[in-house]
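Asks: This structure is in structure tokens; I'll ask about it shortly.
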Amino acid sequence: MNTRKEIEFAGILPLRPIDAVVLNQESTTLQHLADIICRQGVLLLLCFALIGAGAWAYLRFTPDQYSADIRFLIKSDSSVPQLSPTAVVYPKGVDDAQIATEVEILSSWELLADVSRAAGLIKQKAGESDATAIAKAVDGLRRRMTTTPGVRSDTIAVSYRGRTPQEPLKVLQALNGKYLDRHLEMRRMPGGEE
């Protein structure tokens, strides 16, 4: 009959001294961790290499994006105090309906078409009509532009993401000019002199 040492030497029955595990638990845990890392070293190295290659590919092939922001301060239409029989009523700030109206003006198709023309975003392909090129430019402008009303404030924030550093600047400058023109056009009193 084989003795216990012969079986252990042959690799049939690996034995660990139980006393060492109970008495020195911390070093055994670190030793187990080192054993796992050594046994699975190739797999861990492969995982790190794949994660690194994925991060490199993402950074390499993702196009650069540049962003710019602009804020519009919305002024209340009525700035003159109203007289009532009991007291003078001062106008409150801008209400949500006025902010929503200004956001709609900023997001309107006509305004964005004018901005696309002014910023040079319209790229017409051969055989493509003007209306189709303008519609594509406005669609691209809407995808890259975000309009956010301020929370408890009289501002509207507009941001634009572009592929070159100059593109967001040109688009937001054109938006600023065309928005002010459109705003003045809509607020002009009928029958007034220009």
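The values are calculated or read from the model by the stated rules, or taken from the named source; none is laboratory data. Nothing here was measured: the structure is a model prediction, and the numbers come from that model. Cβ: placed from backbone, ideal geometry, glycine included. Neighbour counts: every protein chain shown. Remember, those area values only see protein heavy atoms, side chains included, never the ligands or the DNA or RNA. Shrake-Rupley method; radii C 1.70, N 1.55, O 1.52, S 1.80 Å.
Asks: Roughly speaking, to the nearest percent, how much of the stretch 105-177's 1.4 Å accessible area is carbon and sulfur?
Replies: Solvent-exposed carbon and sulfur of the stretch 105-177 make up 53 percent of the total.
Asks: State the extension gain, in nm to one decimal, for the chain segment bounded by L169 and Q65, taking 0.36 nm per residue of separation less the distance between their alpha-carbons.
Replies: 36.2 nm
Asks: What does the charge add up to near R182, with Lys and Arg as +1, Asp and Glu as -1, over the other residues with Cβ less than 9 Å from its Cβ?
Replies: Surrounding charge for R182 is -3.
Asks: Something else now. Per residue, how much accessible surface does the stretch 97-194 expose to a 1.4 Å probe? Answer in Å², no decimals.
Replies: On a per-residue basis, 62 Å².
Asks: What distance in nm separates the two pseudo spin-label positions at W109 and E185, each 7 Å out from Cα along the beta-carbon direction?
Replies: That separation, rounded to one decimal, is 1.6 nm.
Asks: Can you give me the C-alpha center-to-center distance between the stretch 101-129 and the stretch 39-59, rounded to a whole angstrom?
Replies: 45 Å
Asks: Need one number: nm distance between label points at L43 and L30, each 7 Å from Cα along Cα→Cβ, rounded to one decimal.
Replies: Each label point lies 7 Å from its Cα, and together they span 2.5 nm.
Asks: Related question: Evaluate the Debye formula for the stretch 96-143 with equal point scatterers sitting on the alpha carbons, no solvent, and hand back log10 of I(q)/I(0) at q = 0.18 Å⁻¹, in q order, two decimals.
Replies: Debye output, listed in q order: -0.55.
Asks: Please give, to one decimal in nm, the separation of the simple spin-label points placed at K75 and D95, each 7 Å out from Cα toward the Cβ.
Replies: Inter-label distance under the simple model: 2.1 nm.
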